[in-house]
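Encoded as structure tokens, the structure appears first; notes follow it.
Here, each number is a calculation from the coordinates, and none is a lab measurement. Since we're looking at a predicted model, the values are computed, not measured. As a convention, Cβ positions derive from the backbone with ideal geometry for all residues, glycine included, and neighbour counts pool all protein chains shown.
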Amino acid sequence: MLNAELTAVLVGMESAGKSTIFSKLTNYVTGEEVNFRGSTVMCRRAVIHGTNITIIDTPGIRHQSDSETTRMALNEARQGDVIVFVIRGTHAAFELKMLSRELAYHRHRVAVILTFEDKTPISFCRAVEQFCQAHGVPFVSVDARAFEHRKHALIVQAVRSAKLLTHPLHEIFALDLANVDPPNTLLEHTKVGPWLALILTILLFGVPVVAAYLFASVTQPYLDTWILNPLRGFMQAQRWCPVKWCKLSATTSCRLFMQN
């Protein structure tokens, strides 16, 4: 790490997907835990897999709360070569404005990673991408849960190509977009959801039972014909009784034991 190519710092709100991206980029390396100076706030430091780029995962920032932790995290971010804003696609405009406001008068190399790609309308992602490109800010959109190798390469490229901004961040990221609420699934529907959940529960436990009954009904005649009936005939022909055989074996064993 002493000869690191550069240091990139992940900065974002809570639950934005920073830790997931950190794990994916470092090939699930836990990372070295480092204290912020004069505090108990922790961050993680590791190297991006396949590169010599050091990446730091900072604690999530809470809106209008835990301001001391926020200041400490952002102070650590200012020590890095590149600040990587990790923002949720569903709240891109708000989070970009808030993060840029916290770093308003500090000129840095900046890149943007938009998460929740699968829950964000394509037109919305394109609007954020075009906005970033217009200001020379590298942009990558990802679905952190289904992270592709191609995205890994794009993020590395974005970090390396990040340039020093010529204007304060809060002037650049004045993006006017509304937040997007993720679409509700059928299970979250107030009327259909409970009934659908009940049906799925019944299917989960009922289908295996019905399948086992049908399987037994189909296979039972073949088992009787080819296995059980021949076995019964063999036992009757040999006058062999399992109970008597067990008693005889036990008696013989006892006699041999007493003789020894």
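Distances between placed amide hydrogens fall under 5 Å for ILE53 paired with GLU5, ILE48, all partners being 5 or more residues away or on another chain.
A simple rule links phi to the HN-Hα coupling: the Karplus curve 6.51 cos²θ - 1.76 cosθ + 1.60 with θ = phi - 60°, which for the stretch 110-124 gives 10, 10, 10, 10, 9, 9, 6, 4, 6, 9, 10, x, 4, 4, 5 Hz, with x for Gly and Pro. Here ARG145 and ASN52 are evaluated by their C-beta separation; at R0 = 25 Å the FRET efficiency comes out at 0.35. Note that the stretch 93-99 has calculated 3J(HN,Hα) couplings of 4, 4, 6, 4, 5, 5, 5 Hz, one per residue in order, obtained from phi through the Karplus relation 6.51 cos²θ - 1.76 cosθ + 1.60 (θ = phi - 60°); glycine and proline are x. Neighbour counts of C-beta atoms inside 10 Å place THR201, THR7 in the sequence THR201, THR7, starting with the fewest. For SER141, nonlocal amide neighbours, meaning residues 5 or more places apart or on other chains whose placed amide H falls under 5 Å from its own, are LEU114. Here the simple spin-label model places points 7 Å from the Cα toward Cβ, and for LYS163 and PHE215 these points are separated by 6.4 nm.
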